[in-house]
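Read the figures in this text as sums done on the coordinates, not as results from a lab. If you're wondering where the values come from, they're calculated on a predicted model, not measured in any experiment. Note: ideal-geometry Cβ built from the backbone for every residue, glycine included; neighbour counts use all protein chains shown.
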Amino acid sequence: MFTLEELLRLCQAVPESRDLDGHEAILVVDHEESLRVLIRSILEYRGYRVVTVATGEEGVEKYVQTQPRFDLVLMDPDMPHSAGWEAVAKIQQHEPAVAIILLSARGVENERAIRSGMTGFLAKPFQNGVLVSLVRQTLDRCRKR
């Protein structure tokens, strides 16, 4: 778990370009609490509205129940006891055009992500600036569809 001081320092390590800021709603699904806290802190610092959950099942439930829908989902497909890929498929059933960025420490997931129609892939560990840039680029690209 991060201290408040550590989180603030990490958030400030993100490039300061206002072009990366946003207001969109993002759902983060990852079993690692410290990573959920970090991602939430980084993205909220940039103005995004972030909701986090720990399992794929919670992710599907939160996605389906939330109106209006989330603009983006960040999902770890390799969560213990939570069937991340199954959660991705269920979310896509509800919203086929949903923007999903997969977060994984396993590089082989990148290929599967592309085959499964994911919008993006981010390898763990990642740099804060890369996270923010990928989120902004993905949201901008999906808005133009």
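Testing the spin-label approximation: label points 7 Å from Cα along Cα→Cβ at residue 49 and residue 140. State their distance in nm.
Result for the modelled spin labels: 2.3 nm.
Tabulate in residue order the Karplus-calculated ³J(HN,Hα) for segment 62-68, using 6.51 cos²θ - 1.76 cosθ + 1.60 with θ = phi - 60°, rounded to whole Hz; enter x for Gly and Pro.
These are the phi-based 3J(HN,Hα) values: 5, 5, 5, 7, 8, 10, x Hz.
Mark the label point 7 Å from the Cα of residue 64 along Cα→Cβ and return the residues of segment 77-100 whose backbone N is within less than 15 Å of it.
Backbone N within reach: 86-96.
Residue separation times 0.36 nm, minus the C-alpha to C-alpha distance between residue 33 and residue 97: what's the value?
Value of the extension gain: 20.3 nm.
Take the alpha carbon gyration tensor of segment 35-77, find the square roots of its eigenvalues, order them as a ≥ b ≥ c, and report rounded if a/c is under 1.5; if not, report prolate when a/b exceeds b/c, else oblate.
Since a/c reaches 1.5 but b/c is at least a/b, the shape of segment 35-77 is classed as oblate.
Starting from the amide H of residue 21, placed 1.01 Å from N in the peptide plane, find each other amide H under 5 Å away whose residue is 5 or more places distant or on another chain.
Amide H neighbours of residue 21, under 5 Å, 5+ apart: none.
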